[in-house]
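Reading through the structure tokens given below for one structure.
The values are calculated or read from the model by the stated rules, or taken from the named source; none is laboratory data. As the structure is a prediction and not an experimental result, all values here were calculated from the model. Note that we place each Cβ from the backbone using ideal geometry, even for glycine, and neighbour counts take in every protein chain shown.
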Amino acid sequence: MATRNRVACEDIDQVRVVMEKYPPYQSIFSKMSYGESQMLDKTFYEEEVKRECLAFEQQFHYGVFFACMRLREQEIRNLMWISKCVAQNQKSRVHDSVVFIF
């Protein structure tokens, strides 16, 4: 049912209405105001980093290796964003899309 509702969405506000019914997504969409589509990917990345950092709190499981790999990917995304901003002489926008890991 939720998949059909998401397919019918035409803008970010309709996606928000559909996804706010599910508890894991309520906190993500509560950080955004209506009409803010540019922050959606950054908000999802921040939530992912937060959950991956929690993997290091427990011992003796393989999730730590997966979390380490995903955090490394986020670090690469951050470096790519910073290098693109420097190359385009947009140094004031560096902090717009950087997700802090620790």
Practice problem: Test each condition in (1) among the small types (Gly, Ala, Ser); (2) closer than 22 Å to Gln14 by Cα; (3) in contact with a Phe, Trp or Tyr (Cβ under 9 Å, 6 or more places away or on another chain) for Ser30 and report the one that comes out false. | Solution: (3)
Quiz item: What number goes with the only condition from (1) surrounded by 13 or more Cβ atoms within 10 Å (Cβ to Cβ); (2) aromatic (Phe, Trp, Tyr); (3) not in a helix (DSSP H, G or I) that Phe29 does not pass?
Solution: (3)
Quiz item: Among the residues of segment 43-98, which ones are among the hydrophobic types (A, V, I, L, M, F, W, C), in a loop (DSSP other than H, G, I, E, B) and at pLDDT 85 or above?
Solution: Val98
